[in-house]
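So the structure is just underneath, and the comments pick up after that.
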Amino acid sequence: MLWLGVFFLIPLIVVAAYSVNALSLFPSDSGISFHDWGRFLRGESVYMDLFWKSIRMALSVSVIVVVLAYPLGYYLALVAGKRKYVLLLLVIVPFLTSYLLRVLAWRVILGSEGVINTLLYTTGLREPNDPVPWLIYSQFTVILVLVYVWVPFVALPIFVTLENLDTSMLEAGNDLGANRWGVFWRVTLPQSVPGIAAAFVFVFIPTIGEFVTPSLVGGTKGTMFGNAISSLFINGLDWQTGSVLALFLVIVVGALMVFSSRFLRLRDLESI
Amino acid sequence: MDAAASPGGRRGLSVFYVLLIVFLYAPIAVLMVFSFNDNRLVTFPLAGFTTRWYRLLFENAELLDALKVSMVIAAISSVFAVGLGVLASYALGRRRFRGKGPVSALLFSPLVIPYVVFGIALLILFRAVDDFLIPRFGTYIGLGIHSIVIGHVVVSLPYTILTIAPRLERLSVYVEEAARDLGAGPASTFLRVTIPLLLPAIVSAYLIAFTLSFDEYAIASFVAGDVTTYPLYLYGQVRIRIGLPQMIAVSVIVLVASMVLIAATEIWRRREEARLAV
C-alpha cells in the first residue's frame, strides 16, 4: 500500500500541481493559475478536438473488437465442445507476447516499402513507388492494429460469461417455442451483457490513452491524445499544458471506471 | 436439438474462428518468414534463405546490452511485484480492515491509468525530488534502472494480485487453522503452509510480471534516463529502419521463447493446482 501511495498517488499529485502552475519547469512568480485549464476546456487549443478524435477512435476500436470477439466467445463457450480450452489458449497466446512486436509486425506488413505494397509491385497490380496511401500512417492503420492487439484479450470476459450461462435455459427457451435466433436475442444476448460491457470497457479505457501504436503506425493523421501529452513533455517543454491534458485524461478514465464498475466484475476474469 | 447453433451456424462459427486465428497469427508468421530472408530490406520478392540475421544479432553489443538491462529490470521488478502481491492478496483475502474498498480500488487503479500519464508523472516526481535535493544536499537520485523498476512494480502489481488472490480464496482457511492447531505460529503457518500451496500461482504471477516489464515501452521511455532497455532499443531501430531484419530476428527469438514459456507454465500450473487441490 505504501509503495503505491509513494510511487503512484504522489506522482499524480505532482502532475496536478504542475497543471495549475503551482510547480513549474522554469522558475516563475506567476503563482497558481488555472489559465491552461481554461484554455483547454473552452476548446481554444487544438487539444480538445484531438481528445474527441481519440474518443471516436477508441469507440470504433472497442465496437469492432466486441463484434469480432463475441462470435468467437460464443463459438468457444457453446459450440466448440471438449476442445474449447485448447482453442481458447490458441486465441490468447498472441496476447501474451510482446505488444511492441505485434505493432512492429504490422509496420513491416503495411509500410510503404512493406510486405503488402511490395507484393503488389511485384505482381504488377500496382506501379512501383506508388504505395497504397491509406495502408500506413492513417487512422485506419491505428484502428486495425489496435483491434488486432485487443481481440484475443476481449474474447476472455465474453467467453467466461457465456461459459457460466446455464445452458438449460437455452433448452427451456427452445421448448417454449422460440427458435434459435429467438433464444439468442431473448436469452443468450441479454445474459451476456455484463461480459460485453466488461470487454468494451477493457478496450475503451486503455485505447483512449494509447500512444505507442499511433506513434509507430499512425503518422500525423493517426495522432491521438496520448501522443500530444507525450510530445508536450518530451519536445515541447510545455509541462503545464501537458499536465492539464494528462490530468484531464486521468479524470475521464476514472469517471468511466466508476460509471462502468456496476457492469465490471473483475471476478469474471479471475475464474480463468 | 442443440439450442446454441444449427449445423450451418456451427460451420459458420468454425470458419469464423479459423479466419480469426489466421488474422491473429499471420503477422507473426510474416515476421518469421522475413527473419530468414536474405535481403537487407523487408520487401517482396523473397530473396532466399539465410540465417545471417540471427548470427549478426549475437555480435550486436548494443542489442545484447539492451536485452540484459531489460532482463535485470524485469527480474528485480517482478520479485517486488510478486512479494507485494502476496502480501496484498493476503490482506484483502484473509483480513478485515477499515477502508478495504478504497484500498482495493487503489491497488487495481494502475490497470486503467494510461501508461503515458503514469510515465510522465513518475518523471516529474523524480525531477521534483532532485530539484529539492540538489540545492540542499548537493546530491540527486536521477533516472535509470531504479526508476524503471519502480514504475514496473506499480503497473504489474494488479496483475500479480489478480493471479494470486483467487488461488488464495480457493485455499481453504481450515488448512491454515489446522496448522495453527498443530502448534505452528502465524509466521511459520504462512511460510510453511500458505506459501507452498500458493506456489503455482506465485510462479505464474512472477512470469506475468516478468513479461510485462520486459516488454514495457511507454513508462520506460519517460523514466529511463540514459539507460536503454530492449523495447526502447527496438523502437528506436524500427523508426530509423536500419537493421530491420536483425530486429525481426531478435523479435522472433523473444516471441518464440515467451510463447513456449507461457504455454509450459500454464500447463504446469493447472497440473500442479490439480495435484494440490485442497
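The values are calculated or read from the model by the stated rules, or taken from the named source; none is laboratory data. In this text the structure is predicted, and so the values were computed from the model without any measurement. Neighbour counts are summed over all protein chains in view; Cβ atoms, including those assigned to glycine, are modelled from backbone coordinates with ideal geometry.
Taken over segment A:188-210, the criterion of being of a type in the set (Val, Ile, Thr) and more than 9 Å from chain B (Cβ to nearest Cβ) is satisfied by A:193, A:196, A:203, A:207. Considering (1) within 18 Å of the chain's Cα centre (by Cα); (2) within 8 Å of chain B (Cβ to nearest Cβ), the lone condition that residue A:223 does not fulfil carries the number (2). Could you check residue A:106 against (1) part of a helix (DSSP H, G or I); (2) within 12 Å of chain B (Cβ to nearest Cβ); (3) more than 25 Å from residue B:253 (Cβ to Cβ) and say which number it fails? Of the numbered conditions (1) part of a helix (DSSP H, G or I); (2) within 12 Å of chain B (Cβ to nearest Cβ); (3) more than 25 Å from residue B:253 (Cβ to Cβ), the odd one out for residue A:106 is (3).
Could you tell me whether any residue of segment B:36-53 is closer than 26 Å to residue A:95 by Cα, under 25 Å from the mean Cα position of the chain (by Cα) and in contact (Cβ under 8 Å) with a residue 40 or more places away in the chain? No; the residues of segment B:36-53 include none that is closer than 26 Å to residue A:95 by Cα, under 25 Å from the mean Cα position of the chain (by Cα) and in contact (Cβ under 8 Å) with a residue 40 or more places away in the chain. Could you list all residues from segment A:133-172 that are of a type outside the set (Phe, Trp, Tyr), over 14 Å from the mean Cα position of the chain (by Cα), more than 10 Å from every other protein chain (Cβ to nearest Cβ) and under 27 Å from residue A:193 (Cβ atoms)? Correct list: A:156, A:157, A:158, A:160, A:161, A:163, A:164, A:166. Looking at the structure I just gave you, is residue B:127 charged (D, E, K, R) and within 11 Å of another protein chain (Cβ to nearest Cβ)? Answer is yes for this residue.
Is it the case that residue A:141 is in a helix (DSSP H, G or I) and buried (at least 23 other Cβ atoms within 10 Å of the Cβ)? So residue A:141 fits the description; yes. Yes or no: segment A:52-71 includes at least one residue that is within 14 Å of another protein chain (Cβ to nearest Cβ), at pLDDT 80 or above, over 21 Å from residue A:143 (Cα atoms) and assigned to a helix (DSSP H, G or I). No, segment A:52-71 contains no residue that is within 14 Å of another protein chain (Cβ to nearest Cβ), at pLDDT 80 or above, over 21 Å from residue A:143 (Cα atoms) and assigned to a helix (DSSP H, G or I). Of the residues making up segment B:209-218, not a single one is surrounded by fewer than 19 Cβ atoms within 10 Å (Cβ to Cβ), part of a helix (DSSP H, G or I) and either touching a residue at least 40 places away in the same chain (Cβ under 8 Å) or among the acidic types (Asp, Glu) (or both).
Checked against the criteria, residue B:184 does not count as touching a residue at least 40 places away in the same chain (Cβ under 8 Å), among the small types (Gly, Ala, Ser) and more than 9 Å from chain A (Cβ to nearest Cβ). Condition check: surrounded by fewer than 21 Cβ atoms within 10 Å (Cβ to Cβ) and among the hydrophobic types (A, V, I, L, M, F, W, C). Does residue A:234 satisfy that? The answer is yes for residue A:234.
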